[in-house]
Each structure stands twice: as structure tokens, then as C-alpha cells.
Amino acid sequence: MHLMILAAGYGTRLRPLTDIRPKALCPVWGKPLLERWIWQAAEEGFRRVVVNAHHMPQKMTEYFESHSWPIPVQVLVEQQILGTGGGVRQALEVLDDASLMVVNADVAAKVSLRGLMAIHQSRGAPATMLLCRTHRFDTVRVNAEGTAVTGFCPLTTASGQSGLWTFTGIHVLEPSALRSMPLRKPFHIIDVYKDWIAHGTPPAAVCQEHLWWLDIGSLESYWNLHAAYDRIPDDGVRFLGIASSGVWLHPSATVASSAQLTGVVVGEASTVERDSVLHNVILWKGCRIEPETRLENCLVTDGAVVWGRHWNAIFLPSAAPVFFGQAVNPSSPSLHSMAL
């Protein structure tokens, strides 16, 4: 069994975070989601992982070269972004014909990959799609038995229609069914699935109505995975590794004993100095919070230094600190207001 993680997107809706890191490397409770998928795949017996990259490819390759992995991980850099289908097609050039699990790098879900693979292999379909219900992204039609995908509805017209499902971005493909597609040509996998449906060989469907599933495709969804940690179901808490205290500290982080933290993530090599008070705050790598700083609902990205009092703000690494009471231009490259 092989796993492919789709990580080549620009992450436009996650800006300004994706001006600092590719979306796939934005940490969620201290670790990028793709890191969790790799370790889960290893635990479930997968033999190899392939990750595609396009936006900030050097950061992607450096990340994987600087970490140790339980199974081989290969990064495939796309000079031209190839889409959800073209990226998989390119990956087949370095893989054999074993069934291929595909996961979007920006999704979190509590699911057995091995279990989904077993269902796929028992169905005999060219692909198997994992579906859930979100009532926001429900666009997939299935047959009456819920075992096969019969069509896709545009999101703009899906509202109010009953019986639709959300595609989780987690699916299994038979490489032999995709090798006839052109190499190094952009295309989307949903268009392939539509064609298979039209020719009578639809993807199989695995419908799990109450599956815990979220994505970090936007600032709002990324923030909610942190700020709403106390409302995340148990499956999500286990997947993300959220402590009951709501505080996560990287082993290399330094936090003064007099600092007060609630709902806080302190990333690698970050420092929180004395008498600071942080509530609903995310610190990425190498951040420094100066003494007596007060932060609420803030996100501090790699290498930024912050002092003073701030709320509802994102600090970028090149930012000069913005002090409480100072007029702030919402379009400033150094501080971005967050709508919470």
C-alpha cells in the first residue's frame, strides 16, 4: 500500500500564512497535518509516501530532509501545478500498481486508512471515495444503496438539495485505471470520475455521516481548529493530539514560570518571557514573546518578535511590533486583522 499526499496548492485563502509557509506545512496544534498522515500510514502498514509540491518547493524539500520518517517519503516538485489528477498521474511514474491512497494535505479526519483500503479492494471499482456530511460542502450524489458515486453537483446549486455528501479529499485509486491519462498535463480527478461515471464504471462510495472531518483551507477553518479546541469531538482531539489543558509546548520551547497560558500552542524554539499572558494564541517556529506581553486571539508566525498588548492579529516574521493604541492599517504587510 502506498500513500500520496496532495500538497501542491497555493493556499490562497490561507494568506498571509501561506506567504510564510506552504499550506501543507502550516502547523496545526504544533504539527502539519501531513506529518500526522505519514505516521498514521506507517502505523497501518503502508510502505511508502509520495508528496507533491509546487508553492515554495524548497521549503517542502527542506522540511522532509530535516525530519526522520518511519517509512520512505519522496517529494515530487511540480514545475507547473498539475491539479488533483495531474499530480497523481505524475506520481505513478515512481510507484508500482499497488492501490494508491490519496489524501489532501489540508484535511483532518479520524479514519482508518487500512480499513478504507480494504473496502476499496473488496469493491472492485477503479476508485473509492470517502464521503461525509457537512451540510456546507455536500455536492456528491450516490446511489440508493450508498455504495457508488453517481454524480457531482456544483456547490453554487447544491444548497437545499437532499441526499448529497461531502467529498473528504480522501480516496483510493487503482493506478492502472489512471495510467492512460496524459503525463505532465494539468487536470482534476473529479473530471476523471465524471467520465468514469458516464462510461458505467463509477467510483465506489464509502459514506460515513458522522465522520469527524475538517479542512484548513481558509483562515477561519485554520483558526477554529485552535480557538475552538474545547468544542472539538473526541475523535478530533485524538487525531490532533490536543491536551486537556489546551496548551501544547514543543520540547524545544521555553516558557517562563510566571507566564499564563490558556488555549496556546508554543512552537519549536519559541520563547515566552516572564509575566506574559496569552489566551488563544498560536506561536510558530522561533517566535519570541517579550516580558509582560498580553496577547488574545493572535497568531505569531516564524521568527516574529512581539511585545505590548494585541488582539485579533497575525504577526509575520518581517513585522515590526505594533503597539497597543497605535493606528493600524488593515492592509499593512506586518499585521492583519482576523475576523473571529
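Look through the stretch 158-174, keep the residues that are within 26 Å of the chain's Cα centre (by Cα) and farther than 22 Å from Leu214 by Cβ, and return whichever of them is least open to solvent (accessible area, probe 1.4 Å).
The extreme case among them is Leu173.
Restricting attention to the stretch 121-138, and to residues there that are touching a Phe, Trp or Tyr at 6+ places or on another chain (Cβ under 7 Å) and surrounded by fewer than 21 Cβ atoms within 10 Å (Cβ to Cβ), which single residue is farthest from Pro175 (Cα to Cα)?
Restricting to residues being touching a Phe, Trp or Tyr at 6+ places or on another chain (Cβ under 7 Å) and surrounded by fewer than 21 Cβ atoms within 10 Å (Cβ to Cβ), the top hit is Arg133.
Does Tyr10 qualify as being under 16 Å from the mean Cα position of the chain (by Cα), within 30 Å of Pro317 (Cα to Cα) and assigned to a loop (DSSP other than H, G, I, E, B)?
Answer is yes for this residue.
Among the residues of the stretch 86-120 satisfying the criterion of being more than 23 Å from the chain's Cα centre (by Cα) and closer than 19 Å to Thr168 by Cβ, which is surrounded by the fewest Cβ atoms within 10 Å (Cβ to Cβ)?
Among those residues, the one meeting the criterion is Ala118.
Rundown of residues vs (1) of a type outside the set (A, V, I, L, M, F, W, C); (2) in a loop (DSSP other than H, G, I, E, B), yes/no style:
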{"site": "Glu62", "(1), (2)": "yes, no"}
{"site": "Leu76", "(1), (2)": "no, no"}
{"site": "Gln80", "(1), (2)": "yes, yes"}
{"site": "Val149", "(1), (2)": "no, no"}
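For the stretch 193-213, enumerate the residues that are over 11 Å from Pro126 (Cα atoms) and open to solvent by less than 30 Å² (accessible area, probe 1.4 Å).
Selection gives Ala205, Val206, Leu211, Trp212.
Can you tell me how many residues in the stretch 175-192 are more than 24 Å from the chain's Cα centre (by Cα), open to solvent by 40 Å² or more (accessible area, probe 1.4 Å) and of a type outside the set (Ser, Thr, Tyr)?
Number satisfying all stated conditions: 6.
List, please: which pairs have Cβ atoms under 7 Å, are six or more places apart or on different chains, and start with a residue in the stretch 189-201 that is assigned to a helix (DSSP H, G or I) and end with one that is surrounded by 11 or more Cβ atoms within 10 Å (Cβ to Cβ) and of a type in the set (Gly, Ala, Ser)?
Short answer, once both residue conditions are applied: Ile189/Gly85; Asp191/Gly85; Val192/Gly85; Tyr193/Ala127; Ile197/Gly151.
The values are calculated or read from the model by the stated rules, or taken from the named source; none is laboratory data. Predicted model only: the values in this text are computed from it and were never measured. As a convention, Cβ positions derive from the backbone with ideal geometry for all residues, glycine included, and neighbour counts pool all protein chains shown. In case anyone asks, the SASA skips ligands and DNA or RNA and just uses the protein heavy atoms, side chains included. Shrake-Rupley method; radii C 1.70, N 1.55, O 1.52, S 1.80 Å.
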